[in-house]
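The values are calculated or read from the model by the stated rules, or taken from the named source; none is laboratory data. Everything quoted here is computed from the prediction, not taken from an experiment. Cβ placement follows ideal geometry from the backbone for every residue including glycine, while neighbour counts extend to all protein chains displayed. SASA here: full protein model, heavy atoms, side chains in, ligands and nucleic acids out. Shrake-Rupley method; radii C 1.70, N 1.55, O 1.52, S 1.80 Å.
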Amino acid sequence: MSAHPGAIRLETLTKAYGSVTALHDVDLEVRAGELLTLVGPSGSGKSTILRLVAGLDRPDSGRILVDGTDVAQVPPHRRAVAMVFQDYALYPHLTVRGNLLFGLRVRRVPRAEADRRARAAAERLGIADLLDRYPDQMSGGQRQRVALARALVREPTVYLLDEPLASLDAQLRFATRADLLAVHRDLGTTMVHVTHDQAEAMTLGDRLAVLDAGRVRQVGPPQQVYDEPADLVVAGFLGSPPMNLVPGGGVLGEAPGLTLGVRPEDLALDPDGPIEATVEAVEALGSEAILLTRCPDGTRLAVRTGPRHGLRAGAGLRLRPDPHRLHRFDTETGQRRRRAEGVDE
Ligand SMILES: Nc1ncnc2c1ncn2[C@@H]1O[C@H](COP(=O)(O)OP(=O)(O)OP(=O)(O)O)[C@@H](O)[C@H]1O
Ligand SMILES: [Mg+2]
């Protein structure tokens with residue numbers, strides 16, 4: 001056991017709901033004190049993983065170890081785990097204060113200590129002035145903060161956060177993201193965090209785990225996963241817009257049996273570039289623009305560029321892919337081809 005508690009290990013976890021297999025042989029390690037972000041398309045099994053760790057559901061097979069101990073026989077309220085649900089799940093008949101204190105009362109935390117924790121958590125998340133409100137008297141974003149505060153007051157060794165920022169507006173989301181990172185830094189507690197948001201996936205976590213159809217596809221530091229996606233699924237999921245993928249190589253260079261990929265930011269506008277394309281649409285995002293282009297052979301390429309590109313739909317242009325940023329995947333297996341195999345360069 002390490003100095004901090006809260007190490008989680010999932011071993012060949014499998015879970016089916018009737019004919020739907022939500023998780024297939026999932027192996028995943030969360031280090032003590034780590035903030036691990038889980039991403040993946042809707043229905044990929046993210047919430048299922050959290051529910052199994054929290055003890056709200058049982059796996060069909062496989063093991064869940066917390067600090068080396070199999071928790072199969074430990075009921076949810078005995079696990080040192082606090083979960084923030086995707087839909088907040090606040091008690092509607094209790095005020096914010098009541099919601100914060102409820103879990104502590106069940107666990108017989110002395111009243112003064114419980115009050116202290118509730119106040120500290122409410123202040124930390126900027127909801128101290130809402131303590132006497134009921135859930136239906138608050139906005140979605142406020143409810144979400146209450147749900148986060150309710151997890152904080154439990155002072156668990158593991159936090160499981162299921163899209164805890166999903167219904168916040170952009171500014172609050174940014175601020176709460178910083179709060180969450182500060183909480184993690186101050187408490188040093190293990191956190192597993194689920195998100196759909198590309199920016200959160202990249203910024204809010206020591207490591208990123210990409211899930212697809214109930215399988216873990218890749219785990220690693222966010223930038224590494226972004227720079228070297230292990231397979232076509234990860235390449236097509238991370239990034240907004242995602243990586244351009246061309247089966248057979250096509251305009252990116254003939255590569256039979258392979259699929260070549262290039263990220264939108266790795267395609268430069270260059271009058272002498274080797275790729276000819278026409279702008280189909282322009283997405284102006286203020287700080288940058290995304291050009292949706294089409295090549296004469298029908299290949300579509302998204303290009304990220306500065307906002308003052310001066311191009312309109314219908315304009316012709318030439319593109320140059322960064323040769324050091326071309327990704328190669330086996331079309332059949334989807335697996336990344338590495339340099340060691342003699343395929344890169
Ligand atoms: N209680 C249940 N009964 C039946 N099927 C379920 C149940 N819970 C989850 N599933 C199915 O298991 C799969 C994984 O669901 P899960 O909720 O883990 O997905 P998710 O990755 O959290 O998706 P989202 O991003 O939409 O929240 C889905 O196909 C879902 O329909
Ligand atoms: Mg979910």
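Antiparallel DSSP bridges in the chain: what percent, to the nearest 5?
Bridges in the chain that DSSP calls antiparallel: roughly 75 percent.
Roughly what angle does helix 170-187 make with the longest principal axis of the chain, taking Cα atoms, 0 to 90 degrees, to the nearest 10?
60
Work out, step by step, the length gained on full extension between ALA213 and HIS24: first 0.36 nm times the residue separation, then minus their alpha carbon distance; give nm to one decimal. Write down the numbers at each step before the final one.
Working: separation 189, 0.36 × 189 = 68.04 nm, distance 0.83 nm.
The ALA213-HIS24 span can extend by a further 67.2 nm.
Could you put SER240, SER44 in order of accessible surface area, largest first, with the 1.4 Å probe and the full protein assembly present?
Working: SER240 75, SER44 5 Å².
Greatest to least solvent exposure: SER240, SER44.
Could you work out the helix-only [θ] at 222 nm for the chain, with each DSSP H run of four or more residues adding -39,500 (n - 2.57) and the total divided by the number of residues, to the nearest 500 deg cm²/dmol?
-7500 deg cm²/dmol
What do you get for trypsin sites (Lys or Arg not before Pro) in region 55-147 restricted to DSSP loop and a cutoff of at most 12 other Cβ within 10 Å of the site's Cβ? Walk me through the numbers on the way to the answer.
Numbers: sites: ARG63, ARG78, ARG79, ARG97, ARG105, ARG107, ARG108, ARG111, ARG116, ARG117, ARG119, ARG124, ARG133, ARG143, ARG145; in loops: ARG79, ARG107, ARG108, ARG133.
Filter output for region 55-147: ARG107, ARG108.
For region 245-341, report the accessible area per residue in Å² (1.4 Å probe, heavy atoms, rounded to an integer).
Spelled out: the 1.4 Å probe surface of region 245-341, per residue, equals 54 Å².
Take ASP322, ASP129, ASP186 and sort them by solvent-accessible surface of the protein heavy atoms, 1.4 Å probe, largest at the top. Working shown, then result.
Numbers: ASP322 55, ASP129 125, ASP186 95 Å².
The most accessible residue leads, giving ASP129, ASP186, ASP322.
Give a quick list of trypsin sites (Lys or Arg not before Pro) in region 248-345 that DSSP marks as loop, anything other than H, G, I, E or B, with at most 10 other Cβ atoms within 10 Å.
When the trypsin sites (Lys or Arg not before Pro) of region 248-345 are filtered for loop state and at most 10 Cβ neighbours within 10 Å, ARG308, ARG312 remain.
Any idea how far the Cα center of region 107-144 sits from the one of region 306-325, in Å?
50
Using the basic label-point model (7 angstrom from Cα toward the beta carbon), what is the HIS324 to GLU254 distance in nanometres?
2.9
Measure nothing but the geometry: give the 0 to 90° angle between the long axis through the Cα atoms of 96-106 and the longest principal axis through the Cα atoms of the chain, rounded to 10°.
Approximately 70 degrees, to the nearest ten.
Taking 0.36 nm per residue of sequence separation and subtracting the Cα-Cα distance, how much length would be gained by fully extending the chain between ARG58 and ALA72, in nm to one decimal?
Fully extending the segment from ARG58 to ALA72 adds 4.3 nm.
Mind checking the angle between helix 111-124 and the chain's longest principal axis? C-alpha axes, 0 to 90 degrees, to the nearest 10.
20
Relative contact order for region 158-269 using alpha-carbon pairs under 8 Å, separation at least 6, rounded to a whole percent?
15
Over all directions, what mean area does the Cα convex hull of the chain project, stated in square nanometres?
So the mean shadow area of the Cα hull is 21.0 nm².
What whole number of Å gives the distance from the Cα centroid of region 10-64 to the Cα centroid of region 270-295?
So the separation of the two Cα centres works out to 40 Å.
Which of the three applies to region 251-345, rounded, prolate or oblate, going by the alpha-carbon gyration tensor with a ≥ b ≥ c and a/c under 1.5 meaning rounded?
It is prolate, given that a/c is not under 1.5 and a/b is the larger ratio.
Using a cut-off of 11 Å between beta-carbons, work out the net charge of the residues near HIS24 (Lys and Arg +1, Asp and Glu -1, HIS24 not included).
-2
Which whole-Hz ³J(HN,Hα) couplings does region 76-86 yield from phi under the Karplus relation 6.51 cos²θ - 1.76 cosθ + 1.60, θ = phi - 60°, glycine and proline marked x?
Values per residue, Gly and Pro as x: x, 6, 9, 7, 7, 10, 10, 10, 9, 7, 3 Hz.
Averaging sequence separations of C-alpha pairs under 8 Å and six or more residues apart, then dividing by the length of the chain, give the relative contact order as a whole percent.
Numbers: 691 pairs, mean separation 54.3, N = 345.
It comes to 16 percent, rounded to a whole number.
Of MET202, MET191, which has the most accessible area and how do the rest follow, probe 1.4 Å? Numbers along the way, then the final one.
Numbers: MET202 50, MET191 5 Å².
Largest accessible area first, the residues go MET202, MET191.
If the chain between GLN335 and VAL282 were fully stretched, how many nm would it gain, using 0.36 nm times the residue separation less the Cα-Cα distance?
Taking GLN335 through VAL282 to full extension adds about 15.9 nm, to one decimal.
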